[in-house]
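Q: The structure is given below, and queries will be raised subsequently.
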Amino acid sequence: MENNKKPKKELTIDQKIKRRNFISFGVFGVMGIAAWKGWQWLYTAPKEVAGVTAGAKAPLRRALNKTELAMRNFFSNNHLVKTYPKSMAAKNVRHNSDIGVKGGFVIEDWKLQVIKHTGEVLNITIEQIKALPKTEIVYDFKCVEGWDQIQYWGGLKMIDFMEHFGLAEETTVDYMGLMTPDKAYQVGLDMPSAIHPQTILAYEMNGKPIPMNHGAPLRLIIPVKYGIKNLKRIGSITFSNTRPPDYWARSGYDYYSGL
Amino acid sequence: MKAIKEKHSLLMRWTHWVNFPILTIMIWSGMLIYWSNDVYNITIFGHTYFKFFPQGFYDYFHFSKRLSEGMAFHFLFMWFFALNGIVYVLYTIISGSWRELLPERKSFKEAWLVLLHDLHIRKMAPPQNKYNAAQRIAYTAIIVMGFGSLITGLAIYKPVQFATITWLCGGYHLARILHFALTIGYVFFFLIHIVQVVLAGWNNFRSVISGFEIVNEEPKALTPSTPAEDGK
């Protein structure tokens, strides 16, 4: 075979240095610009279309939802929240927010409204709930802000509640939604977390009926979630296969918010 | 004579420069999160010397009231931070370049000599290969710190599902403190690193982009000594 090309001259050291610097710094510069452009794209990305979730940049919301799927793989009913002796529980239970438990509420008129996914409605009184076996838990309540506090709560286990009131079938749907009587605060829970053995419909705090500002007469205590999911003063419980409304998920927070 | 001396592998250079912006974003988004419960300070015998952080610091960097945004960024870039670190560590183990990185027994003693030399107290620096003793310690420590950030991060991110990790970190509180302290550590590492890179000069800096250093090799002796001469 004929070879028309000139025989390659070996490059001098200086040529080699120049060539390698050119390629390396060229790639470095291009990647640097690409990274900066990528960051600008992400940082200035428009907010997600407001729906059940809102307030986050669209790509970041997608990432939160993907991360939720990854983290759900680690969830197990066998992973229990650490519990403490009652003596370690805080006497002054931290109170962070009044959304959903503001005035104009008549506790005597309260009934828990449970709406099955078939549409059937149950109205349950606090006496009916208190008549069932009480479960107590002393655990480290964790706020999404970063603080935590050992608290002592008592009430009816969610899974016991579901079984007793003929709601076993409802546990087969994907989500449970809870709302305050004034509808100002709502929480959506994936079913595995909602029926975790430590999830409680609480009516006692530190061995006494829950005070008004902590969600009397009945509130949610769900230790596998951040405080934002621990809805005060439950007005209604619903079931669905799509995400129910959630107060903080509409303000840019992760819908899952699991611990 | 001028010669090319290979210094940093392609993978080391990539992971180094990929890590830089990712860690920056992790620290920034971490600050957005820390702001909502900024309880740490340095208090000795009842006197508070420093509060993390002064209001002016938050104001200057616009860190206030951005918790949800910080979390969203943090929990996306954590994946890249972890992945990049894992790639680097695996490469370092498999390629054998850990031999040039991990501190040796003598490194701990030599590191002091390097320090004295850097501070212009001692004239001679101990002989070294790719990294000197102080670099071996510092660059190994930063990898251990990165691993520490991942572990303490998991401990406070999923303290229920990864309860064992939280327990290993000494509990939720200590894990959060360590996670924070490691971040402060990165900032100090970065400051010293930049000063050292500037002092080390262009040849050194270029090697982390191009991979090589230019050395002046002495021409080889034309008449090498023979065993017969040695044995005289």
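The values are calculated or read from the model by the stated rules, or taken from the named source; none is laboratory data. Note that the structure is a prediction, hence the values are computed from the model and not measured. Every residue, glycine among them, receives a Cβ derived from its backbone with ideal geometry; neighbour counts consider all protein chains shown. Calculation scope for accessible area: heavy atoms of the full protein, side chains included, ligands and nucleic acids excluded. Shrake-Rupley method; radii C 1.70, N 1.55, O 1.52, S 1.80 Å.
Q: Quick check: pseudo-label points 7 Å beyond the Cα along Cα→Cβ at B:A181 and B:A125, how many nm apart are they?
A: Between B:A181 and B:A125, the label points sit 3.1 nm apart.
Q: Next question. Give me the Kirkwood hydrodynamic radius of chain B, using the inverse of the mean 1/r over all pairs of distinct Cα atoms, in Å to one decimal.
A: Values: mean 1/r = 0.0478 Å⁻¹.
Evaluated over chain B, this radius sits at 20.9 Å.
Q: Keeping all protein chains in position, work out how much accessible area B:H8 exposes to a 1.4 Å probe, and write it in Å² to the nearest 10.
A: 10
Q: Along the charge dipole of chain A, which of A:V173, A:Q186, A:A56 sits closest to the positive end, that is, farthest toward it, with unit charges on the beta carbon of Lys, Arg, Asp and Glu (+1, +1, -1, -1)?
A: A:A56
Q: Would you mind telling me the share, in percent, of accessible area of the range B:83-223 contributed by carbon and sulfur at probe 1.4 angstrom?
A: 71
Q: Right, here's the next one. Could you state the per residue volume, in Å³, of the convex hull enclosing the Cα atoms of the range A:155-259?
A: 96
Q: Which of the lysines could be linked to A:K82 by a straight reach, that is with a Cα gap under 22 Å, when you skip same-chain ones fewer than 8 residues away?
A: Counting by Cα, and skipping residues close in sequence, A:K82 has these lysines nearby: A:K91, A:K134, A:K142, A:K157, A:K225, A:K229, B:K158.
Q: So, one more: Could you tell me the distance between the Cα centroids of the range B:1-17 and the range A:87-160, to the nearest Å?
A: One Cα centre to the other: 61 Å.
Q: Below 8 Å, C-alpha to C-alpha, sequence gap of six or more: please give me the relative contact order for chain A in percent.
A: On the way: 437 pairs, mean separation 56.8, N = 259.
Taking the mean separation of contacting Cα pairs over the length of chain A, I get 22 percent.
Q: Next up: Arrange the peptides B:45-52, A:115-122, A:197-204, A:238-245 so that the one whose residues have, on average, the most other Cβ atoms within 10 Å appears first.
A: So the peptides B:45-52, A:115-122, A:197-204, A:238-245, ranked by packing, come out A:197-204, A:238-245, A:115-122, B:45-52.
Q: If you don't mind, there's one more thing I want to ask. Starting from the 7 Å offset along Cα-to-Cβ, what nm value, one decimal, do you get for the label separation of B:R99 and B:H173?
A: Distance between the two pseudo-spin positions: 4.8 nm.
Q: Can you run phi through the Karplus equation (6.51, -1.76, 1.60; θ = phi - 60°) for the range B:151-165 and list ³J(HN,Hα) in whole Hz, with x for Gly and Pro?
A: The phi angles translate into 5, 5, x, 4, 4, 9, 7, 10, x, 8, 5, 10, 4, 5, 5 Hz.
Q: Checking the cross-link filter: which aspartates and glutamates have an alpha carbon closer than 12 Å to that of A:K86, excluding same-chain neighbours under 8 positions apart?
A: Hits, sequence-local ones excluded: A:E136, A:D140.
Q: Next up: Scan chain B and report its longest stretch carrying no GluC sites (Glu not before Pro) that are both in a DSSP loop and have at most 13 other Cβ atoms within 10 Å.
A: After excluding every exposed loop site, the longest remaining stretch is B:105-216.
Q: If you average the C-alpha positions of the range A:204-243 and of the range A:1-78 separately, how far apart do those two centres end up, in angstrom?
A: That distance is 44 Å.
Q: When every alpha-carbon pair in the protein assembly as shown is counted, what percent end up more than 30 Å apart?
A: The answer is 59 percent, as a whole percent.
Q: Can you work out the PRE-style zone for A:K208? Point 7 Å along Cα to Cβ, and I want the residues of the range A:84-103 with backbone N under 13 Å.
A: In the range A:84-103, the label zone of A:K208 (backbone N under 13 Å from the point 7 Å along Cα→Cβ) covers A:91-93.
Q: Would you calculate, for the protein assembly as shown, the mean residue ellipticity at 222 nm contributed by helices, counting each DSSP H stretch of 4 or more residues as -39,500 (n - 2.57) and dividing by all residues, to the nearest 500? Walk me through the numbers before you get to the answer.
A: Values: 15 runs with 212 residues, N = 491.
Mean residue ellipticity, 222 nm, calculated: -14000 deg cm²/dmol.
Q: I've got another one for you. Taking θ as phi - 60°, what are the ³J(HN,Hα) couplings along the range B:37-52 by the Karplus curve (6.51, -1.76, 1.60), each to the nearest whole Hz, with x for Gly and Pro?
A: Karplus-based 3J(HN,Hα) across the range B:37-52 equals 8, 8, 9, 7, 7, 9, 10, 10, 6, x, 9, 8, 8, 8, 10, 8 Hz.
Q: Let me understand chain A better: what is its radius of gyration from the alpha carbons, and its Dmax, in angstrom?
A: Every Cα atom of chain A included, Rg and Dmax give 27.1, 102 Å.
Q: Can I ask one more? Name the residue farthest towards the positive end of the dipole of chain B from the options B:V87, B:A133, B:T183, assuming +1 on Cβ of Lys and Arg, -1 on Cβ of Asp and Glu, about the Cα centre.
A: Looking along the dipole axis, the top candidate is B:A133.
Q: Taking every Cα atom in the range A:114-182, find the radius of gyration and the maximum pairwise distance Dmax, and write them in Å.
A: When restricted to Cα atoms, the range A:114-182 yields Rg and Dmax of 14.8, 40 Å.
Q: Heads up, I need the accessible area for B:V197: 1.4 angstrom probe, whole protein in place, Å², nearest 10.
A: For B:V197, solvent-accessible area is about 40 Å².
Q: Given a 1.4 Å probe and no ligands, DNA or RNA in the count, how much accessible surface is buried by B and A, both sides, to the nearest 100 Å²?
A: Accessible area lost upon association: around 3600 Å².
Q: Obtain the nm distance between the two label points defined at A:W36 and A:V49 by a simple spin-label model: each point lies 7 Å from its Cα along the Cα-to-C-beta direction.
A: Modelled inter-label distance: 3.4 nm.
Q: Counting only DSSP beta bridges with both residues in the protein assembly as shown, what percent are antiparallel, rounded to the nearest 5?
A: 95
Q: Short version: ³J(HN,Hα) in whole Hz for each residue of the range B:82-95, in order, from phi by Karplus 6.51 cos²θ - 1.76 cosθ + 1.60 (θ = phi - 60°), x for Gly and Pro, what are they?
A: For the range B:82-95, the Karplus curve yields 5, 4, 4, x, 5, 4, 4, 5, 4, 4, 5, 5, 5, 6 Hz.
Q: Normalised by the number of residues in the range A:1-142, what is the relative contact order in percent for Cα pairs under 8 Å and 6+ residues apart?
A: Computed value for the range A:1-142: 15 percent relative contact order.
Q: For the range A:1-107, run through the chymotrypsin sites (Phe, Trp or Tyr not before Pro) and keep only the ones in DSSP coil with at most 14 other Cβ atoms within 10 Å of their Cβ.
A: A:F74
Q: Let me ask something else. Averaged over A:141-149, how many beta carbons belonging to a partner chain fall within 10 Å of each residue's beta carbon?
A: Working: counts 0, 4, 2, 6, 6, 10, 4, 6, 0.
Mean partner shielding for this stretch: 4.
Q: To continue, here is another question. Using Cα positions and a limit of under 17 Å, work out the aspartates and glutamates in reach of A:K183, with same-chain residues fewer than 8 apart set aside.
A: Correct list for A:K183: A:D98, A:D109, A:D246.
Q: Can you give the FRET efficiency to the nearest 0.05 for A:T125 and A:L80, using r as the Cβ-Cβ distance and R₀ = 25 Å?
A: Working: r = 30 Å, r/R0 = 1.21.
It comes out at approximately 0.25.
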